[in-house]
Amino acid sequence: MSASAARSAYETLEPYHVVSYFNPHNDREAEPLRLSRAGMYVGGRAAPLGRVPASVVAATFYNFHPSLISFGWTEVLSAGVDEVDAARTRAVDASLRDALGEGGALRCDEGASKGVSSPDLSSVTGALRAGIVEASYAGRPLAAAWAAAPWPDEPHLQLWHAITIVREHRGDGHIAALVLADLAPVEALVLHEAPHPDPALRRKTLGKRLVLATRGWDEEDWTSATDSLARRGLLDGGGAMTTAGAELYDRLERETDAAAAGLWAAVPEADETIRRARPFVKAVIDTGYLPGTTRRD
């Protein structure tokens, strides 16, 4: 049951976190710090690690080209980790206010108020915090860093912080599964983006072009990883998953859900908590800030 909740949370909550990377406020906050978009992304996500070497950040991110991480993290160290963290918080704050509105009485179809003053924000966050407190962070460096970071004061940012911890906890577990499967960073990306033989399977993919642009790899890297996976019998000649490739992909997803289940076992009424979070997530999607979405007024 907890693994099912972990899967449902992954499929539901992600946009509320991801808006921190795709929003019109990041560029404004990055400019005075002289940060590129890479610097803003790397710093915004890795700031809780502190002034660690770039190689440590690259290890926790896993599937990004080390040179991209090094470039962005060098900018962050120059601008100041705390300053970048604060800039990211301001951008997230503005983005969520755009999405949720300033009031606490705005009603949605699910019957919950979704403004930044909504009491439902604190209710959902409180349930998530129960799981966060009880979760194990052994072998989960990025999640542990976020769990140790100070919590913001505002309810809409507290929910973002909670979802971020939950998200990175799952991500650290996913990386462990990828390592055990002997998938190199680019191989993991290629396999994830490859067509799955089950067309009805719901999957979150970005597309090759966006993956290469955001992860820092090039066409040669992609081709090399594709050839490697084909030699292992995981992709066919057209770049789609073979039966063995699909079985590996499905197993990795099950293992990732299972690794995240411990946190969700401690979340009271986990399914109901996820349901109550949906209006806030939908409001973020409706801003049109995220790739593949359009604004809904």
> Looking only at the stretch 1-49, which residues are in a loop (DSSP other than H, G, I, E, B), among the polar types (S, T, N, Q) and more than 12 Å from the chain's Cα centre (by Cα)?
Replying inline: 23, 36
>> From the list 194, 225, 260, 200, exactly one residue is at pLDDT 95 or above and over 25 Å from residue 65 (Cα atoms). Which is it?
In response: 260
> Among the residues of the stretch 241-284 satisfying the criterion of being in a helix (DSSP H, G or I) and in contact with a Phe, Trp or Tyr (Cβ under 7 Å, 6 or more places away or on another chain), which is nearest to residue 2 (Cα to Cα)?
Replying inline: 270
>> Just the residues that are aromatic (Phe, Trp, Tyr) and either closer than 22 Å to residue 12 by Cα or in contact with a strand residue (DSSP E or B) (Cβ under 8 Å, 6 or more places away or on another chain) (or both), please, taken from the stretch 119-150.
In response: 146
>> When you check residue 151 against the structure, is it in a loop (DSSP other than H, G, I, E, B) and closer than 23 Å to residue 86 by Cα, yes or no?
In response: yes
> Got a number for residues in the stretch 217-238 being under 22 Å from residue 177 (Cβ atoms), part of a loop (DSSP other than H, G, I, E, B) and more than 26 Å from the chain's Cα centre (by Cα)?
Replying inline: 2
> For the stretch 243-273, what are the residues that are within 13 Å of residue 195 (Cβ to Cβ) and either out of contact with any Pro (no Cβ under 8 Å at 6 or more places or on another chain) or basic (Lys, Arg) (or both)?
Replying inline: 245, 249
> Among the residues of the stretch 106-122 satisfying the criterion of being among the small types (Gly, Ala, Ser) and surrounded by fewer than 16 Cβ atoms within 10 Å (Cβ to Cβ), which is modelled with the lowest pLDDT?
Replying inline: 111
>> From the list 294, 287, 205, exactly one residue is among the hydroxyl-bearing types (Ser, Thr, Tyr), touching a Gly at 6+ places or on another chain (Cβ under 6 Å) and not in a helix (DSSP H, G or I). Which is it?
In response: 294
>> Among the listed residues 156, 196, 169, identify the single one that is within 30 Å of residue 221 (Cα to Cα), touching a helix residue (DSSP H, G or I) at 6+ places or on another chain (Cβ under 9 Å) and in a helix (DSSP H, G or I).
In response: 169
>> Being touching a residue at least 40 places away in the same chain (Cβ under 8 Å), assigned to a helix (DSSP H, G or I) and under 16 Å from the mean Cα position of the chain (by Cα) is true for just one of 145, 130. Which residue is that?
In response: 145
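The values are calculated or read from the model by the stated rules, or taken from the named source; none is laboratory data. The structure displayed is predicted, hence computed values, not measured ones. Cβ: placed from backbone, ideal geometry, glycine included. Neighbour counts: every protein chain shown.
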